[in-house]
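*Asks:* Just dropping this structure here.
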Amino acid sequence: MKKVGIIGCGAIGTLIAEAVGNGIVKCDGLILYDYNNEKADQLARSLTIPVKVVRSLDEMIKLKPSVIVEAASQQAAKEYIRRILKGDIELIVMSVGALLDLDVRSSKIHIPSGAIGGLDAIASAALAGISEVVLTTRKNPKVLDMNNREEKLVYEGTAREAVKLFPREINVAAALALAASPEKVKVRIVSDPKVTRNVHEVKVKWKHGEMLLRFENEPHPENPRTSALAAWSAMRLLREILQRNP
Ligand SMILES: NC(=O)c1ccc[n+]([C@@H]2O[C@H](COP(=O)([O-])OP(=O)(O)OC[C@H]3O[C@@H](n4cnc5c(N)ncnc54)[C@H](O)[C@@H]3O)[C@@H](O)[C@H]2O)c1
């Protein structure tokens, strides 16, 4: 019996549960946990597949899911990762920023490409030597709780600092920092009234060339900070892990 545990029944958790419901991801049942009980209950009610709602992480671990997807928050990831690994369970971490602070290494931790892609190429370049990665993220002022009418640079600094100051907005910086190295990644966040999508532009200078990657992602209607692509990247990874572990 392959069961999948989902921690966090918000925008991403819901899309992943729906993907199980409509057969995009194949497993025998879901275990849902959210510290806001109502969110887990509500999601369970909307699904037609076998679902068990639990009231704690320990309860989830006892039910022995094959994979757990953390789709909650950096704080949740920091609090739960070691406990999940002790249970010998595969883990997909969405709140990637948490990993920059934690000294945990395990082949059971899986990081989705999230709201961007090309991390394979960047990690390959990092082996040869990267001189600089610059991430410029543009979001509509509303998404950043601002009301500027002209483009405004909200933040410029390191990936390590950016994930602390913007824990919900800039997981992309953390993913880049893990693919290259945190010291090489510079982050710019722009509040731009001209954009309605979340736009991430990544420029890489490395030993044997340069890269330019650009992603324009529709924001999730219920959580505009989150791009739908992030949830789809988790679904793809989840499918892969489930197929690999019969
Ligand atoms: N890797 C990426 O590229 C990427 C992209 C977007 C979002 N994210 C991250 O993924 C996570 C989920 O995003 P979302 O848009 O679904 O958020 P959301 O706010 O829509 O949902 C999060 C849910 O988790 C629950 N939760 C929060 N802390 C919890 C805890 N300690 N224990 C149990 N439940 C808890 C909340 O009640 C909420 O229902 C966030 O940390 C977000 O920053 C990552």
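*Asks:* Identify, please: which residue in the range 96-137 is at pLDDT below 95 and acidic (Asp, Glu) and is, among those, surrounded by the most Cβ atoms within 10 Å (Cβ to Cβ)?
*Replies:* Within the range 96-137, the match that is surrounded by the most Cβ atoms within 10 Å (Cβ to Cβ) is ASP101.
*Asks:* Inspect the range 195-211 for any residue being touching a residue at least 24 places away in the same chain (Cβ under 8 Å), in contact with a strand residue (DSSP E or B) (Cβ under 8 Å, 6 or more places away or on another chain) and closer than 22 Å to ALA76 by Cα and give the result as yes or no.
*Replies:* No, because not a single residue in the range 195-211 is touching a residue at least 24 places away in the same chain (Cβ under 8 Å), in contact with a strand residue (DSSP E or B) (Cβ under 8 Å, 6 or more places away or on another chain) and closer than 22 Å to ALA76 by Cα.
*Asks:* Further question: Quick check, is ILE89 more than 9 Å from the ligand (Cβ to nearest atom), modelled with pLDDT of 95 or more, buried (at least 17 other Cβ atoms within 10 Å of the Cβ) and within 22 Å of PRO182 (Cα to Cα)?
*Replies:* No: the conditions fail for ILE89.
*Asks:* Given the residues ASN223, ASN245, which is the only one that is in contact (Cβ under 8 Å) with a residue 40 or more places away in the chain and either under 25 Å from SER181 (Cα atoms) or within 16 Å of the ligand (Cβ to nearest atom) (or both)?
*Replies:* ASN223
Conditions (1) at positive phi; (2) more than 12 Å from the ligand (Cβ to nearest atom); (3) surrounded by fewer than 15 Cβ atoms within 10 Å (Cβ to Cβ), marked per residue:
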{"position": "GLY13", "(1), (2), (3)": "no, no, no"}
{"position": "VAL25", "(1), (2), (3)": "no, yes, no"}
{"position": "LEU47", "(1), (2), (3)": "no, yes, no"}
{"position": "MET60", "(1), (2), (3)": "no, no, no"}
{"position": "GLN75", "(1), (2), (3)": "no, no, yes"}
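*Asks:* Here's a follow-up. Of the residues VAL143, VAL163, only one is among the hydrophobic types (A, V, I, L, M, F, W, C), part of a helix (DSSP H, G or I) and farther than 14 Å from VAL96 by Cβ; which? Break it down into steps so the answer makes sense when it comes.
*Replies:* Details: VAL163 fails: farther than 14 Å from VAL96 by Cβ.
VAL143 is the lone residue from the list that is among the hydrophobic types (A, V, I, L, M, F, W, C), part of a helix (DSSP H, G or I) and farther than 14 Å from VAL96 by Cβ.
*Asks:* Evaluate the range 231-240: report whether one residue or more is charged (D, E, K, R), free of Cβ contacts under 8 Å to residues at least 12 places away in the same chain and closer than 29 Å to LYS184 by Cβ. It would help to see each step written out before you state the result.
*Replies:* At the first step, the residues of the range 231-240 found to be charged (D, E, K, R) are 236, 239-240.
After this cut, where a residue has to be free of Cβ contacts under 8 Å to residues at least 12 places away in the same chain as well, the list is 240.
With closer than 29 Å to LYS184 by Cβ added as a condition, the list becomes 240.
The answer is yes, given that some residue of the range 231-240 is charged (D, E, K, R), free of Cβ contacts under 8 Å to residues at least 12 places away in the same chain and closer than 29 Å to LYS184 by Cβ.
*Asks:* Continuing with this model, one more query. Checking LEU91 against (1) part of a loop (DSSP other than H, G, I, E, B); (2) in contact with a helix residue (DSSP H, G or I) (Cβ under 7 Å, 6 or more places away or on another chain), only one condition comes out false. Which one?
*Replies:* (1)
*Asks:* Additional query: Under 6 Å by Cβ, and 6 or more places apart or on different chains, what pairs join a residue from the range 110-134 that is farther than 19 Å from VAL96 by Cα and in a helix (DSSP H, G or I) with one that is modelled with pLDDT of 95 or more and aromatic (Phe, Trp, Tyr)?
*Replies:* Close Cβ pairs satisfying both conditions: ALA125/TRP206.
*Asks:* Also, quick follow-up: If you check GLY97 against the conditions, is it within 12 Å of the ligand (Cβ to nearest atom), under 25 Å from HIS200 (Cβ atoms), out of contact with any helix residue (DSSP H, G or I) (no Cβ under 6 Å at 6 or more places or on another chain) and not aliphatic (A, V, I, L, M)?
*Replies:* Answer is no for this residue.
The values are calculated or read from the model by the stated rules, or taken from the named source; none is laboratory data. Computed from a predicted model, the values in this text were never measured in an experiment. Cβ: placed from backbone, ideal geometry, glycine included. Neighbour counts: every protein chain shown.
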